[in-house]
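Heads up: the structure comes next, in structure tokens.
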Amino acid sequence: MTDVPLALLVVVVVLTAAVNVAMAVADLAGARFVLANSALVGVPRSWIPWLAVLKLAGAAGLLLGVLVGALRPLGVAAACGLVLFYLGAIAFHLRARVLHNLAFPAFYLATAAASLALTASS
């Protein structure tokens with residue numbers, strides 16, 4: 001365990017939670033870009049609401065892990081789940097050879113990985 005500045009932890013976790021909530025809302029609203037991208041990478045439309053739930057659960061776990069000290073392990077688990085989620089998203093992009101928008105899941109992966117590193121070491 002290291003001494004991670006609380007402000008840095010909060011900023012990174014809130015950013016990660018915010019982008020996941022925003023994407024989950026887009027998923028649940030059936031945004032055109034979500035449906036188009038999902039079709040390109042081979043994600044069945046029926047999976048989209050469930051993927052949104054996973055993003056929301058990850059965001060909630062991250063926030064609870066930072067806000068409630070006793071729930072820090074929940075934050076670590078949520079961050080770990082989001083890292084795995086976005087590794088899967090990148091795998092779907094690579095498998096389908098859809099590389100033109102790979103930066104988006106890569107960015108979400110980076111925020112999740114940063115959240116994982118900071119929550120695990122705080």
Inset, instruction - Quick one: angle between helix 103-120 and the longest Cα principal axis of the chain, in degrees between 0 and 90, rounded to 10, please. - result: 20 degrees
Inset, instruction - Quick one: Debye curve from the alpha-carbon atoms of the chain only, equal weights, vacuum; give me log10 I(q)/I(0) at q = 0.14, 0.15 Å⁻¹ to two decimals. - result: -0.57, -0.64
Legend entry - the chain, accessible surface, carbon-and-sulfur percent (1.4 angstrom probe): 77 percent
Legend entry - For region 9-22, Karplus couplings with θ = phi - 60° (6.51, -1.76, 1.60), whole Hz, Gly/Pro x: 4, 5, 4, 5, 5, 5, 4, 4, 5, 4, 5, 6, 5, 4
Inset, instruction - Quick one: compute the contact order of the chain, relative version, from alpha carbon pairs under 8 angstrom and 6+ residues apart, as a percent. - result: 35 percent
Inset, instruction - Please give the per residue accessible area of the chain, computed with a probe of 1.4 Å over protein heavy atoms only, in Å². - result: 55 Å²
Legend entry - Size of electric dipole in the chain: Cβ of Lys, Arg +1 and of Asp, Glu -1, about Cα centre, debye, nearest 20: 340 debye
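The values are calculated or read from the model by the stated rules, or taken from the named source; none is laboratory data. The shown structure was predicted, so the numbers you read here are calculated from the model rather than taken from an experiment. A quick note on method: Cβ atoms are made from the backbone with ideal geometry, for glycine too, and the neighbour counts reach across all protein chains shown. Surface areas here come from the heavy atoms of the whole protein model, side chains and all, with no ligands, DNA or RNA. Shrake-Rupley method; radii C 1.70, N 1.55, O 1.52, S 1.80 Å.
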